[in-house]
Amino acid sequence: MNSDFRQRVLIPLLLPFGTLLAILAVAYSLSRVLLTVPPTVAAFTALGVAGYVLLVAFMIERRPRISGRALGVGLTVGLVALGVAGAVAAAAGPRPLEEHAVAEGATEDAAADAPLDEVPEDATLFVGAPEIAWEEVPDEVSAGNVQIALEITGIAHNVTFEGENGDQPVVEGELPGFYVGNIELAPGEYTYYCSIPGHRAPMEGTLTVN
């Protein structure tokens, strides 16, 4: 193979392919390392790699004062070190991802807060109107453990009993559907309302507990 063919044909064909392989190898090795080490170490590792890339770019820019051999040695050492680290990290496997556990917890919470398709039997029903008002409310219930059902037909509402449950909503919802909560009520009269700011005045009423 003469040098002219190598310079004119072979190198122009192989150079882009070799560069692509090198980029893929670097990306894979770096991703294995970042997924294996602890998050803090991963952050410093990413910063270190970025600093190394800037150093190489500086060396290339200053090449008239740096020999091609020195530049080649710097690149080779960095690539080999990253490749070895990537192979070790791949063998060790990724660390347990805390972010995934949080996401799973969020999904479970969302499922727990999801509305029901129908109101449970024997539940005391409050129906929130599409505006700041009640569409339907009960007049009285029996004392004991009272199951409160809230139907959302439009905007978000909640059912709060003054002086009970730490003045926190017994049940609340945003999406259309039925939401359920329980509260222990002794005989007497209780003031209920929606505690969302601006909702109380038009949504306050009295429930008699027998």
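Bear in mind that the values in this text are calculations on the coordinates, not laboratory data. Bear in mind the structure is a predicted one, so any value in this text is a computation, not a measurement. Heads up, the Cβs are rebuilt from the backbone with ideal geometry, glycines too, and the neighbour counts pull from every protein chain shown.
The phi-based Karplus calculation (6.51 cos²θ - 1.76 cosθ + 1.60; θ = phi - 60°) puts the 3J(HN,Hα) values of the range 194-199 at 9, 8, 4, x, x, 9 Hz, whole numbers, x for Gly and Pro.
Pop the C-beta distance of residue 167 and residue 145 into the FRET formula with R0 = 22 Å and round what comes out to the nearest 0.05.
Working: r = 19 Å, r/R0 = 0.88.
Once rounded, the FRET efficiency stands at 0.70.
Within the range 124-209, the ratio Rg/Rh, alpha carbon atoms throughout and Rh by Kirkwood, equals 0.92. Please report Rg over Rh for the range 114-171, where both radii come from the alpha carbon positions and Rh follows the Kirkwood definition. Rg divided by Rh gives 0.94.
Expected output is a single nm value to one decimal: the length gained when fully extending between residue 201 and residue 20, i.e. 0.36 nm times separation in residues minus the C-alpha distance. What is it? Write out the running numbers ahead of the final one.
Working: separation 181, 0.36 × 181 = 65.16 nm, distance 6.73 nm.
Separation in residues times 0.36 nm, less the Cα-Cα distance, equals 58.4 nm.
Model label sites at residue 91 and residue 153, defined 7 Å from Cα along the beta-carbon direction, differ in position by 6.8 nm.
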